[in-house]
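The values are calculated or read from the model by the stated rules, or taken from the named source; none is laboratory data. The structure presented is a predicted model; accordingly, all values stated were derived computationally and were not measured. Cβ placement follows ideal geometry from the backbone for every residue including glycine, while neighbour counts extend to all protein chains displayed.
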Amino acid sequence: MNQFDYSLRIVPESISLLNILAGGSRYAEVYSDQALRKWGLKTGERKGKLLAELDRLLEEARRVFGSDMEELHYYFCCERQADRELDPMDPLPLHGVSLANLLLLTSPFEDSDRKESLKEMQKYLAELGEEEYNKAFLDRLQGFESDNNDDPVPEHPTFTDVYDGILSMNEPDATKLKLQTLYLHRAEHIEAMMPYLERAAALLEKYRKKLEAYGRETVSYLEKALGGRSFLQYIMSLYSTEAREEYDLDCTVQISYLHVMSLFAGWEPKEKSARGGIGVMFGEDFNVEALVLRSGTLTGEQSEILLKLLADKSKFEILSSTVSKAAYGAELASRLGLSTATISHHTSALLQYNLLSIEKVDNRIYYSCNQETVKKLLRYLEETLLGE
């Protein structure tokens, strides 16, 4: 049914370590303070020890990379990362979508056998065909920082399509120029990044035993929480009352050690299998339901998050298009003129904050606007701005 993988995956975790290091944040400050302040959650003993361990890892990384921070910032830090408040419920905590992530075609829970080691990743990228690389690059480009690049990815993308995609980003000209340069000379820049990734990997190996001990605890907690259900079925039950037997699929679940509050589930109906990911922070003293199933009146900061999501044109159009009738991903893509990858990116964020509900019908996932969450937001606005 469920296969749990708590092994520390060197490639994505090394990239994530450098993402976080380049951003200059501390785990204990970010996750403890914001979890308490935003979600009313208490810091348990296990969670506190885990965060302290991760802070020690970051402190050692700062010493190891002390003279290389300028280069790390160039490749691994989001352009506006330092100016953005870190959100513990972000699908990519600590804003790990850097220029390096784009260039290396990576994501925290990517299901791929080609990235077991840094050498395998480098070999794969070197052998990847131009068109295939362009397509993967453009898919990731649409999720880069601002969510505003919604042009469909061409079926056979060329060099020109990539440049057009970069130019259409809602980013500063300096960022666009930088990304164009990285893309054009990607072999050279990937080669330049490898020594940093190798040093990050070596550092993570020193912490592997301790981190994987926490991973085993997360697996133990999760096995109890699932109660014999598929991980996919469990996650669907948290977001929808329609989590039925169709979600009862074999599922491979990965533990993330640096994206500590991530929660992910994806599936291919034709293959009748699913994959998922969960951050290592989840455990007996910090459970999934405490975050996902928060009910009652929204806080000011929760309302602010929802308003930011609604301010995004594409996300708002997805919600308004599914008020009276549910729609599946390809249908929304056709209706709104977006790629299915972009629709998936937006729906994931909307699902995470309970603005969408889902239902599976005949191997299709249908999305509909969750009006209960919208009503909660309206009540908060009425109470705050109208005094009602």
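Annotations
- Complete set of residues in region 216-232 that are buried (at least 16 other Cβ atoms within 10 Å of the Cβ), out of contact with any Asp or Glu (no Cβ under 9 Å at 6 or more places or on another chain) and not aliphatic (A, V, I, L, M): THR218, PHE231
- Note on region 335-364: residues that are touching a Cys at 6+ places or on another chain (Cβ under 9 Å) and either within 13 Å of SER237 (Cα to Cα) or in the same structural domain as PHE264 (by TED's automatic domain parsing) (or both) amount to 1.
- Counting only helices (runs of 4 or more DSSP H) that fall entirely inside region 161-250 and contain at least 1 residues that are outside the structural domain of LYS47 (by TED's automatic domain parsing), closer than 29 Å to ALA274 by Cα and not charged (D, E, K, R), the qualifying elements are 186-226, 231-239.
- Output for region 211-227, where each listed residue is in contact (Cβ under 8 Å) with a residue 60 or more places away in the chain and among the aliphatic types (A, V, I, L, M): LEU211, VAL219, LEU222, ALA225, LEU226
- Filtered residues of region 63-73 (kept if within 14 Å of LEU197 (Cα to Cα) and either in a helix (DSSP H, G or I) or not assigned by TED's automatic domain parsing to the domain that holds LYS178 (or both)): VAL64, ASP68, MET69, GLU71, LEU72, HIS73
- Among the residues of region 168-197, the ones that are touching a helix residue (DSSP H, G or I) at 6+ places or on another chain (Cβ under 6 Å) and either surrounded by fewer than 15 Cβ atoms within 10 Å (Cβ to Cβ) or without any contact (Cβ under 8 Å) to a residue 12 or more places away in the chain (or both) come to 2 in all.
- Options LEU204, LEU238, LEU226: the member that is over 21 Å from LEU263 (Cβ atoms) and in contact with a helix residue (DSSP H, G or I) (Cβ under 7 Å, 6 or more places away or on another chain): LEU204
- The residue pairs whose first member lies in region 55-72 and is touching a residue at least 12 places away in the same chain (Cβ under 8 Å), whose second member is surrounded by 13 or more Cβ atoms within 10 Å (Cβ to Cβ) and outside any helix (DSSP H, G or I), and whose beta carbons are closer than 7 Å, counting only pairs six or more residues apart or on different chains, are ASP55/ARG26; LEU58/ARG26; LEU72/PHE65.
- Pairing each residue of region 333-360 that is of a type in the set (Val, Ile, Thr) with any residue that is in a loop (DSSP other than H, G, I, E, B), provided the two are 6+ apart or on different chains, yields C-beta distances under 7 Å for THR342/GLN142; THR342/ASP150; ILE358/SER240.
- For ARG208, the conditions (1) without any contact (Cβ under 8 Å) to a residue 12 or more places away in the chain; (2) surrounded by 13 or more Cβ atoms within 10 Å (Cβ to Cβ) are fulfilled apart from (1).
- Region 256-279 - residue that is among the aliphatic types (A, V, I, L, M) and within 18 Å of ASN19 (Cα to Cα) and, of those, modelled with the highest pLDDT: LEU258
- Considering only residues in region 205-233 that are touching a Phe, Trp or Tyr at 6+ places or on another chain (Cβ under 8 Å) and among the hydrophobic types (A, V, I, L, M, F, W, C), the one that is modelled with the lowest pLDDT turns out to be LEU232.
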